[in-house]
1. Please work out the Cα center distance from the range 1-78 to the range 113-153, rounded to the nearest Å.
2. Only four residue types carry charge here, +1 at the Cβ of Lys and Arg and -1 at the Cβ of Asp and Glu. Report the dipole size of the range 26-149 about the Cα centre in Debye, rounded to the nearest 20.
3. Taking the Cα centre of the range 117-164 as origin, work out the dipole magnitude from +1 charges on Lys and Arg Cβ and -1 charges on Asp and Glu Cβ, in debye rounded to 20.
4. Given the Cα-Cα distance of Ile139 and Ala46 and 0.36 nm per residue of separation, how much length would full extension add, in nm?
5. Positive end of the dipole of the range 117-164, charges at C-beta (+1 Lys, Arg; -1 Asp, Glu), about the Cα centre: which of Gln129, Thr145, Ala161 has its Cα farthest in that direction?
6. Give me a comma-separated list of calculated 3J(HN,Hα) values for the range 118-125, in order, Karplus coefficients 6.51, -1.76, 1.60 applied at θ = phi - 60°, integers in Hz, x for any Gly or Pro.
7. What list of ³J(HN,Hα) couplings, whole Hz, do you get for the range 36-48 from phi and the Karplus terms 6.51, -1.76, 1.60, once you set θ to phi - 60° and write x for glycine and proline?
Amino acid sequence: MVSDPKEWRNRLVNTKSYQQKVIDIAPDTYATLERVAEDLGRTLTALRQAESKLNTQCHAEIATFAEKQEELKAKQEEYGKNSEYINQLTNDLAVVSEELASIKGRMDERGNSMTDTAPLIKIKSALSQIRNETKQMEIRIGVVTHTLVAKKLQSDQTTKAEASQPKNGHVAQETYLEDDFDEYG
């Protein structure tokens, strides 16, 4: 019959056999572990001694290194502050550059308008047009004045002709009686 490994009796028997093997091997293992522990202890002691020796030999370098670490930390803080200041100045520069570009644009526009002769040409052409219109108006005024003088002369001649005629022309044709005059006389 094959025994079932899950059976507790088999486990008990196996455990006792393993216990015996461990008891047999334990003294050699303890001896090896003690030697390894002694070796590790000696090695740790040697390392501590070497470390303390290095510390005493490199004490100046360690102090210098610590100072350099502090300087590095201070420089990094200063760099951070300066970076913020540079960023602020860069933003200010951008604002000033935009204002400068705007002012340059306005100056260029004004300069172009000052050197641009188009308005001057327009003014000159308007002046010559006004002069031409003034001449035409003077001619028209002259013609109207001439016409008025001619009409006045004609009116004056008509008035003179009327004045040269007797005013009481109808009286010459009427006969008055003498008694009519006596009434008034």
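1. 118 Å
2. The dipole magnitude comes to about 1360 debye.
3. So the magnitude is around 280 debye.
4. Residue separation times 0.36 nm, minus the Cα-Cα distance, leaves 20.5 nm.
5. Looking along the dipole axis, the top candidate is Gln129.
6. With coefficients 6.51, -1.76 and 1.60, one gets 4, x, 5, 5, 5, 5, 4, 5 Hz.
7. 5, 5, 5, 4, 5, x, 5, 5, 4, 5, 5, 5, 5
Bear in mind these aren't lab numbers, they're just calculated from the coordinates by the rules spelled out. These figures come from a predicted structure and were not determined experimentally. Quick reminder, even Gly has a Cβ in these numbers, built from the backbone with ideal geometry, and neighbours come from all protein chains shown.
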